[in-house]
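Data first, discussion second: the structure below is written as C-alpha cells.
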Amino acid sequence: MKIVSFISFSLLVLCLIILDACSSTKTVPAGDALYTGAKINIRDSLLTRKKKKALSSQLLALTRPEPNQKILGMPFKLYMYNAFRAKKGPGKWIRERFGQPPVLLSSVDLNKNVKVLQSYLQNKGYFKARVRGDTTVKGKKAAATYTVRADGQYHIQQVQFRGDSSVLSQAIGGTMSKSLLKKGDPFDLQVITAERVRIDNHLKEQGFYFFSPDDLLIKADTTVRNNRVDLFVTVKPTIPENAQKVYRINDVYIFTGYNLEPGQMDTSKADATLYKGYYVIDKRHFYKPKLFQQSMAFDSGDVYNRTDHNASISRLVSMDIFKFVKNRFEVVPGVDSPLLNTYYYLTRQPKKSLRLELNANTKSNNLTGSNITLSWRNRNALRGGEIFSVKASAGFEVQYSGQFQGYNTFRFGLEPSLSFPRFLIPFFNFNTKGGFLPRTTIKLGYDVLQRQKLYTMNSFRTSYGFTWKENIEKEHELNPIVINYVQPVNITQNYIDSAKRNPTLYTAIDTQFILGSEYSYTYTNVFNYKPVNGFYLNAGIDLSGNIAGLITGANVTKGDTAKIAGKQFSQFTRLQGDFRFYRKVSGNSVWANRIYAGIGLPYGNSSALPYIKQFFSGGNNSIRAFRSRTVGPGTYQAPQKNGSLAEQPGDIKFEMNTELRFPLVSIVQGAVFVDAGNVWLFNDNPDKPGAKFTSNFLSELAVGSGVGIRFDLSFLVLRFDLAFPIRKPWLESSKRWVLNQVDFGSSQWRKENLIFNLAIGYPF
C-alpha cells in the first residue's frame, strides 16, 4: 500500500506540473509568437489529388524550422521545458534533457524557404513553378503558408546517347538498354544524377579507372512543346585523357607490417617475395604467402574492375587479423599500354587478446541470473590467418521467492576452437568469389549444468564445419560433423519422485548421443532495427544418426536399437524456418512481423527427439504473455507444483508475432504487440492428452498481447515488455478466448495473468 500511495502521489504531482505548463506560449517573448508549423497550398489543375498530396508532403518536409515536437498531438517536450524553469539542480537537468524550447516565428526565414521550395520544384521538372510565402498570426501563435503554382510537370519525350567511335563512347552507348531515364517519366534531377553514377559504375567494371560521373553531361532541351523535354547523354569535351583509357593490373604489392605512425611507414619493395604473381613484403615472416593468394581477387594482367577492387579489401578485412587495410593504385610510367600497379598496406591486429563479458538476465518465470565469459584469442596462430580461441564461462539463475525458490541453476563451460580463413577439406582445394572469405571452424566444448535439488548434466560436444557468404545478404553454414553427448549425473530422489508422477520429466535426464550434420541458410536485407522495408529468412536442417541407422538397420518400434561405443545414438531429421518482415509505417515507426515453424521427426533408432533438440514456446523472445517454455504442448496443461515441472517441449512448433514500434521521447521507444503460437508432439503420449499435432492446430494457438518500452542506447537495446494472455489453449474450445475476462483493476487477475519481461535486444 505504501508503494501504491507513493506512485499515486507522484502521478498527482506530475499532473499538477504539466497543468501548470500547459500554456504552450508561456515562455514566448513579448513581440514574438510560437511557430506552429507550415502549410502548403498547391494550385495546379494538371495534377491529380494524389499527386498534389504527395508533392505537398515533400515540400512541407523541406521547410525550416520544424515546429515543436508533438506526442499524441500535444507538445509534451515544450510543456516539460515550460514546467521546469529552475536555473540549476534537477529541474534544470530535466529541462535540458527532456524539454524543448519554443520554436519562434522570428526564426522563420520565408524568403529562404521560398528559394528552397522553388529549387526543389525545378529539380522535379516543374520549370514554370512559382512559390509565394506568407505568415498568419493569431494571438501568441503563428503559422506559415506557402502557395505553389506548379503549372505542370515536364516529362521525358526522348533520350539519346550521343558519342563517337571511341572505346569510351561505345562502352557508354552499350549501357543504354539499362538506362534509368525512360520515355514518359517525369523529369527528375535526382534520377539524372543516379544515371550518371550508374554509367560510372558500369565503366569502372570495364577498366576505366580514372573515369568520374562528373565527366558525363546530360543536356535537357525544354523547348519542346506540351511540357516535354528531350535528354541527351554525352561526354564532356574537357574529359581528361586518362579517363578515356582501359587500365590493366600490372604488379600487386602487399605490405604486411604497415605502421600508421609518422616516420615508420616502411614501403620499401627491397624485401619483396614473389609468390604466384604477388609481391609479399613480410620481413619478419609473420604470414605464409599463400594466405594472400586466397585473399586477392586481382591477378596480374586482369582488366581493372571495381568489384574485384572492393572484394580484395573486404576479404582482407574479413579475416580479422588486420586492424586497417589501405589500398592505392599507381600508373606505370613509360609503357605503351595503360597499366596500374596495386599496393595493399596492412596494419596488424594485436596477435593475442583477452576479453571479459558480463551480462545479467531475467526471465518471465521470475528467474534472475548473470553470466561471465572470459575469451582468449590468438590471431594468425599458424601463420595462415588462423584464429585460435578459448572461451570459459560461468553463470547462474536464482529465484529468491515463489515456486522456483531453492531450485537454483549453475552453468560452467569451456570451448576451444580453431578457425581457418578457407575451406579445409582433405584432397580438395577451392575458394569462393566475392568479398568474403570462407571459414572452416573446428570446435570442442564441455559444459556442466547443475540444477540444485534436481540433477546435474555433463555435456560434451564437437563440430567441424564451414561458413561462407555469397554476398552481404546471403550466408551459408554447413557442419558435416556435429557430435553431442549429454550425460546426467547426481539425479536427486526429489526429481525421480516428480518424474514418476509426470513421466515426461524423464526426457530431460535422458542420456543423449547425437551424431549428425547441420546446414542453415540466411538471407537478409535488414542490417539493423531502424525503420526500413525488408525481410529476414533463416532456414535450416539438422540430421542425426542416419548413416549409422542405415548401416545397423535400427528400428526402435520393433525393439531393435543400435549403439556406438555402448551408447544408443539418436536418429532424427529436424527442420526449422524463421521468416521476418519489416515495414516502415511512417516517420521512424516500423511494423515488425515474424513467422516461425519447426518440425522434428524421430525414426529408426529413436522414438522421440533428444531434449536439447526439442522446441519450446513462451518467454520474452517468444509468446511474451506466457512464462518461459510453459506453453503446450497442444491443449495439454502441465501441473505446476515446483520449478522442475515448468518446461514443456514439443516436436513441432508454430509461432507468429507482430509488433508496432514507434518513437516516444529521445532514446525511448514504445511498442504494442500480439504473439501467437504453440508446440505439439508428433506422436501420441498418454501422459499428455491433447498434445498431438492435428489438422486443428490453429484452434490450439496460445495468444497474448501487450505493450513495451525500449531504451535504444545504440550499443544495446534495453527492453521492458508487459503482456497478458487473451487466448488459453488448455481451456474448453468454446472458452479459450479470455479477452472478456481482462480486468486490470483486479489484483488477483494481475497476479495470474500479467507477465513482465526484461530483456536485452529486440525479440525479432
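The values are calculated or read from the model by the stated rules, or taken from the named source; none is laboratory data. Bear in mind the structure is a predicted one, so any value in this text is a computation, not a measurement. Virtual Cβ from ideal backbone geometry, glycine too; neighbours counted across all protein chains shown. Remember, those area values only see protein heavy atoms, side chains included, never the ligands or the DNA or RNA. Shrake-Rupley method; radii C 1.70, N 1.55, O 1.52, S 1.80 Å.
What to note about this one:
- Toward the positive end of the charge dipole of the chain, with +1 on the Cβ of Lys and Arg and -1 on the Cβ of Asp and Glu, the farthest Cα among Gly704, Ile496, Thr27 is that of Thr27.
- Cleavage-rule hits, chymotrypsin sites (Phe, Trp or Tyr not before Pro), region 282-334, DSSP coil, Cβ neighbours within 10 Å at most 13: none
- Flagged links, alpha-carbon separation over 30 Å, of Lys183/Lys433; Lys290/Lys323; Lys115/Lys245; Lys92/Lys141: Lys183/Lys433; Lys115/Lys245
- Cβ-Cβ FRET estimate between Thr561 and Asn458, R0 fixed at 30 Å, reported to 0.05: 0.85
- As a length-normalised measure over Cα pairs under 8 Å and 6 or more apart, the relative contact order of region 498-587 settles at 33 percent.
- Under 17 Å of direct C-alpha separation, and excluding same-chain neighbours fewer than eight residues apart, Lys613 reaches these lysines: Lys653.
- Summarising the strand pairing of the chain, around 90 percent of its internal DSSP beta bridges are antiparallel.
- Which label in [x] 50, 36, 20; [y] 53, 45, 27; [z] 41, 38, 23 gives the computed semi-axes √(5λ) of the Cα gyration tensor in Å: [y]
- Full extension of the chain segment joining Gln118 with Ser714 gains 210.8 nm, where the gain is 0.36 nm per residue of separation less the Cα-Cα distance.
- The charge dipole of the chain, taken about the Cα centre with unit charges on the Cβ atoms of Lys, Arg (+1) and Asp, Glu (-1), comes to about 2180 debye, rounded to the nearest 20.
- Using R0 = 60 Å, the C-beta based FRET efficiency linking Ser666 and Ile496 works out to 0.65.
- Helices that extend 27 Å or more along their long axis by alpha-carbon positions and average at least 1.0 on the Kyte-Doolittle scale are, among the DSSP H runs of the chain, 2-21.
- Each other residue within a Cβ distance under 13 Å of Val114 adds +1 if Lys or Arg and -1 if Asp or Glu, for a net charge of +4.
- Loop trypsin sites (Lys or Arg not before Pro), region 51-110 (other Cβ atoms within 10 Å of the site Cβ: 15 or fewer; DSSP): Lys70, Arg85, Lys87, Lys88
- Projecting the Cα atoms of Gly91, Ile313, Ser586 onto the charge dipole of the chain, computed from C-beta unit charges around the Cα centre, puts Gly91 farthest toward the positive end.
- For region 500-568, with +1 on Lys and Arg beta carbons and -1 on Asp and Glu, the positive-most of Asn533, Thr522, Ala508 along the dipole: Ala508
- Taking amide H positions as modeled 1.01 Å from N, with prolines and chain starts lacking one, the residues under 5 Å from Lys39 and 5 or more places away or on another chain are Ala144, Thr145, Tyr146.
- Per-residue ellipticity at 222 nm computed for the chain from its helices equals -5000 deg cm²/dmol, with DSSP H segments shorter than 4 residues left out and the rest contributing -39,500 (n - 2.57).
- Each other residue within a Cβ distance under 12 Å of Leu444 adds +1 if Lys or Arg and -1 if Asp or Glu, for a net charge of +1.
- Applying a DSSP loop filter and a limit of 14 other Cβ atoms within 10 Å to the trypsin sites (Lys or Arg not before Pro) in region 410-447 leaves Lys433.
- DSSP loop GluC sites (Glu not before Pro) with at most 12 other Cβ within 10 Å excluded, longest remaining stretch of the chain: 242-731
- Computed lengthening from Ile481 to Thr145, 0.36 nm per intervening residue step minus Cα-Cα distance: 114.0 nm
- Compared with the alpha-carbon gap, the fully stretched path from Arg383 to Glu470 is longer by 28.7 nm at 0.36 nm per residue.
- Surface calculation, 1.4 Å probe, protein heavy atoms: Asp230 sits at approximately 10 Å² accessible.
- FRET efficiency, Ala270 to Phe427 (Cβ-Cβ, R0 45 Å, nearest 0.05): 0.70
- Local charge for Glu655 was computed over the other residues whose Cβ lies under 10 Å away, with Lys and Arg +1 and Asp and Glu -1, and equals 0.
- Only the Cβ atoms of Lys and Arg (+1) and of Asp and Glu (-1) were treated as charged; on that basis the dipole of region 683-724 about its Cα centre amounts to roughly 80 debye.
- Placing +1 on the Cβ of every Lys and Arg and -1 on the Cβ of every Asp and Glu, with nothing else charged, gives region 74-198 a dipole about its Cα centre of roughly 880 debye.
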